[in-house]
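A.B. asks: Could you have a look at this structure, given as structure tokens, before my questions?
The values are calculated or read from the model by the stated rules, or taken from the named source; none is laboratory data. Keep in mind it's a predicted model, so treat the numbers as computed, not measured. A quick note on method: Cβ atoms are made from the backbone with ideal geometry, for glycine too, and the neighbour counts reach across all protein chains shown. For accessibility, only protein heavy atoms count, side chains too; no ligands or nucleic acids. Shrake-Rupley method; radii C 1.70, N 1.55, O 1.52, S 1.80 Å.
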Amino acid sequence: MSETGRESRRPMRRGPMGHGPMGSGEKARDFKGTIKKLLRYMGEYRAALIAVAIFAVGGTIFNIVGPKILGKATTKVYEGIVAKLSGVGGIDFEALLRILLFLMGLYAVSALLSFIQGWLMTGISQKISFRMRAEMTEKINRMPMGYFESRTNGEVLSRITNDVDTLGQSMNQSISVLITSVTTMIGVLIMMLSISPLMTLIALLILPVSSVMVMWIVKKSQKFFRAQQEYLGHVNGEVEEIYSGHNVVKAFNREEQAVKEFGELNDALYKSAWKSQFLSGMMQPIMQFVGNLGYVAVAVLGSVLAMRRVIEVGDIQSFIQYVRNFTQPIMQLAQVSNMLQSTAAAAERVFEFLEEKEETNASEAQLLPAAGELEGFVSFDHVRFGYDPDKIVIRDFSCEVKPGQKIAIVGPTGAGKTTMVKLLMRFYDVNSGAIRVDGRDIRDFDRAKLREAFGMVLQDTWLFKGTIMENIRYGRLDATDEEVVAAAKAAHAHKFIQTLPGGYQMELNEEASNVSQGQKQLLTIARAILADNKILILDEATSSVDTRTEIRIQKAMDNLMRGRTSFIIAHRLSTIRDADWILVMKEGDIVEQGNHEELLAKDGFYAALYNSQFEEIA
């Protein structure tokens, strides 16, 4: 990160997306709009979803018919018992067996259709999750650096992991339950009407009560589900940040502060999660109570109608079962409402990420010449830039760099040295002015091709989990093993690599903590040497190595930089005395420029910086 604005752009402990603290009072955002986006996103799987609906409806219908047929079996048993008690007959077991076998067949077909529907829906939800993760991963590579510098890693990762997982799981359950519940309600209503319209009317009286309760609970719980997802991202970010910097936390005895900050975020997550889960948990007991009231009323009325021979005895058993089947989908729909809230909250965060502003390329982006054809002429023409438009870091920067020159950029911390490098790489675009490569504005080039022209070694080393050979080869993926070893030798890394267990095949862990900081720096330098780019950027490239190794690396760098345009950012001015041109920056402006001898002769700001590094401490 640039020295300038390092503190001002550090992620703050803010609410989601930087909009201030989120509390339980914040309402959910565009629920309908998010669901519409999700439905459009699922359009690719329209045929599979139609198949899911058909199998779900089919399985539900076969299941609905079951109680009516079971009622026929109950009537047969009742009539047989009455006949036996009257001495005029008995139970017709043959007819009863036919009814039961037919019923078993219905239930078997229903189970098969439901199994197929579940299998299809699981595949759809996982494909959508897979597609979302892939698109979000690709999106990351197209987003500006400013997005990631204003958010914690955990918040970004939470969208790719927690939100996508929540979306996939809730979508898998909610769509299936929604289809079967609606089908069940319609089918059961038809079957109830076929038995007794009067009993159906009594049973339907529970609907207004149920609907009012469901709407009230959904309205109350809706705002808490999004807060739960948001704070989960903040908690993940806090854990990731503290874990990755646990050595610093311990060194400064900030364990209590870390626990306090985590506790505040964890408490906010607890409150939003508790409220959402409590309200959703209230639905089942409330709906069950209302359903039982309807069940009692139906049982009493059914007995009266059976005694008057308006319906059969078996119809009472069927109707009671239908009443229970009728209240069950109402409870399921209530649960689906909560799942849809979770789905919408997660989907909204995913779509927000996918719709974030990307790095822009010119409408007709040019391609840079091949590395061998690139001359390496670089110019800064009255560059003005600020991470925040109201806080300008670079005020008026102009410089002409000829091909093959070694340009050093020096100055105190916060002068804007690293910022210039970020502008050159188009991690950010200038507010005004222009940066040109070979006479063409870099904003006219494709960003990816522009960055291929640059080799970079940063002060903050980055190595990934993998072998040393793989980490060095990252600079040029088609490099042979011999070329990797040659690059390591040029960077003076070969000797220490041979002493490691496994040599070039040694596996670095996730933090690359099984090698020293200086060794990590040597590996990144080897990676830059292997890349063999026309323009080089060295941002404190030797800051983490000892003086003797620094001298050896400097010799290797001199060979590497020969014939290439090089930008060197350095605090130790002794390392850039042989630079062709030195730019001295102070508060975003170039205050002096020239070679080492000329600047010392001026006895100005550069001379003061240089001499201060050799003053004896009293």
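A.B. asks: Just the number, please: percent antiparallel of the DSSP beta bridges in the chain, rounded to the nearest 5. Write down the numbers at each step before the final one.
C.D. replies: Working: 20 of 38 bridges.
Counting DSSP beta bridges with both partners in the chain, the antiparallel share is about 55 percent.
A.B. asks: Over the chain, with every protein chain in place, what whole percent of the accessible area is carbon and sulfur at 1.4 Å, could you tell me?
C.D. replies: On the way: 18130 of 31160 Å².
With neighbouring chains kept in place, the figure for the chain is 58 percent.
A.B. asks: Between 0 and 90 degrees, rounded to the nearest ten: what's the tilt of helix 31-41 against the longest Cα principal axis of the chain?
C.D. replies: 80
A.B. asks: Given a 1.4 Å probe and the protein chains all in place, what does the accessible area of SER516 round to, in Å² to the nearest 10?
C.D. replies: Spelled out: SER516, probe radius 1.4 Å, area about 60 Å².
A.B. asks: May I pose another question? Efficiency by 1/(1 + (r/R0)^6): what FRET value for GLU587 and ARG40, r their Cβ-Cβ distance, R0 = 45 Å, to the nearest 0.05?
C.D. replies: Working: r = 50 Å, r/R0 = 1.11.
It comes to 0.35.
A.B. asks: Using θ = phi - 60° and the Karplus relation 6.51 cos²θ - 1.76 cosθ + 1.60, list the HN-Hα couplings for segment 411-420 in order, rounded to whole Hz, with x at every Gly or Pro.
C.D. replies: My calculation for segment 411-420 gives x, x, 4, x, 6, x, 5, 5, 4, 4 Hz in order.
A.B. asks: List, in order, the whole-Hz ³J(HN,Hα) value for each residue of segment 295-312 obtained from phi through the Karplus relation with A = 6.51, B = -1.76, C = 1.60 and θ = phi - 60°; use x for Gly and Pro.
C.D. replies: Whole-Hz 3J(HN,Hα) from phi for segment 295-312: 5, 5, 4, 5, 4, 5, 5, x, 4, 4, 5, 5, 5, 8, 6, 6, 10, 8.
A.B. asks: Ignoring everything except DSSP H segments at least 4 long, calculate the 222 nm mean residue ellipticity for the chain; use -39,500 (n - 2.57) per segment, divide by total residues, nearest 500.
C.D. replies: Only helices count here, giving -20500 deg cm²/dmol.
A.B. asks: Can you give the longest stretch of the chain with no exposed loop site, where a site means chymotrypsin sites (Phe, Trp or Tyr not before Pro) in a DSSP loop (not H, G, I, E or B) with at most 14 other C-beta atoms within 10 Å?
C.D. replies: Working: sites that count: PHE252, TRP462, PHE464, PHE614.
Result, exposed sites excluded: 1-251.
A.B. asks: Separate question: Would you kindly state how much longer the chain becomes between LYS489 and GLU264 on full extension, computed as 0.36 nm times their sequence separation minus their alpha carbon distance, in nm to one decimal?
C.D. replies: Working: separation 225, 0.36 × 225 = 81.00 nm, distance 5.06 nm.
In short, 75.9 nm is gained.
A.B. asks: Right, next: State the Cα centre-to-centre distance between segment 92-159 and segment 259-295 in whole Å.
C.D. replies: Value for the Cα centre distance between the two parts: 25 Å.
A.B. asks: Stokes-Einstein diffusion coefficient for the chain at 10 °C in a medium of 1.306 mPa s, Rh from the Kirkwood formula over Cα pairs: what value in µm²/s?
C.D. replies: For the chosen part, D equals 52 µm²/s.
A.B. asks: Short version: ³J(HN,Hα) in whole Hz for each residue of segment 130-141, in order, from phi by Karplus 6.51 cos²θ - 1.76 cosθ + 1.60 (θ = phi - 60°), x for Gly and Pro, what are they?
C.D. replies: 4, 5, 5, 4, 5, 5, 5, 5, 5, 4, 3, 6
A.B. asks: Label segment 97-254 by shape, choosing from rounded, prolate and oblate, from the square roots a ≥ b ≥ c of the eigenvalues of the Cα gyration tensor; if a/c is under 1.5 it is rounded, and otherwise prolate applies when a/b is larger than b/c, oblate when it is not.
C.D. replies: Details: a/c = 3.39, a/b = 2.18, b/c = 1.56.
Prolate.
A.B. asks: Here's another thing I want to ask about it. Once R0 is set to 51 Å, what does the formula 1/(1 + (r/R0)^6) return for the Cβ-Cβ distance between LEU201 and LEU157, expressed as a FRET efficiency to the nearest 0.05?
C.D. replies: Details: r = 55 Å, r/R0 = 1.07.
FRET efficiency, LEU201 to LEU157: 0.40.
A.B. asks: Leaving out ligands and nucleic acids, and using a 1.4 Å probe, what accessible area per residue does the chain come to in Å²? Please list the in-between numbers first.
C.D. replies: Working: 31160 Å² over 618 residues.
Per residue, the chain has an accessible area of 50 Å².
A.B. asks: Tell me the trypsin sites (Lys or Arg not before Pro) within segment 230-284 that lie in a loop according to DSSP and have at most 11 other beta-carbon atoms within 10 Å.
C.D. replies: Here no trypsin sites (Lys or Arg not before Pro) fit, given the DSSP loop and packing criteria.
A.B. asks: Just grab the label-to-label distance for LEU354 and PHE115, each label 7 Å out from Cα along the Cβ direction, in nm (one decimal).
C.D. replies: Here the modelled spin labels are 3.4 nm apart.
A.B. asks: Now for a separate question. In the structure displayed, which of LYS422/LYS495; LYS275/LYS465; LYS271/LYS357; LYS406/LYS449; LYS406/LYS602; LYS36/LYS422 lie more than 29 Å apart, Cα to Cα? Mind dumping the intermediate values first?
C.D. replies: On the way: LYS422/LYS495 33 Å; LYS275/LYS465 40 Å; LYS271/LYS357 32 Å; LYS406/LYS449 23 Å; LYS406/LYS602 21 Å; LYS36/LYS422 39 Å.
Check vs 29 Å cut-off fails for LYS422/LYS495; LYS275/LYS465; LYS271/LYS357; LYS36/LYS422.
A.B. asks: Could you give me the percent of Cα pairs per 5 Å distance bin for segment 415-493, shortest bin first, beginning at zero and ending with the bin that holds the maximum distance?
C.D. replies: The percentages, shortest bin first, are 3, 12, 19, 19, 14, 14, 12, 6, 2, 0.
A.B. asks: How much length, in nm to one decimal, is gained on full extension between LYS250 and VAL209, taken as 0.36 nm per residue of separation minus their Cα-Cα distance?
C.D. replies: Gain in length upon complete extension: 9.0 nm.
A.B. asks: How high is the FRET efficiency between LYS220 and ARG142 when r is their beta carbon distance and R₀ equals 30 Å, given to the nearest 0.05? It would help to have the intermediate numbers written out before the result.
C.D. replies: Numbers: r = 39 Å, r/R0 = 1.31.
Rounded to the nearest 0.05, the efficiency is 0.15.
A.B. asks: Another one. Restricted to Cα positions, what overall size does segment 193-346 have along the principal axes? Three whole-Å values, descending.
C.D. replies: Rounded to whole Å, the extents work out to 87, 20, 18 Å.
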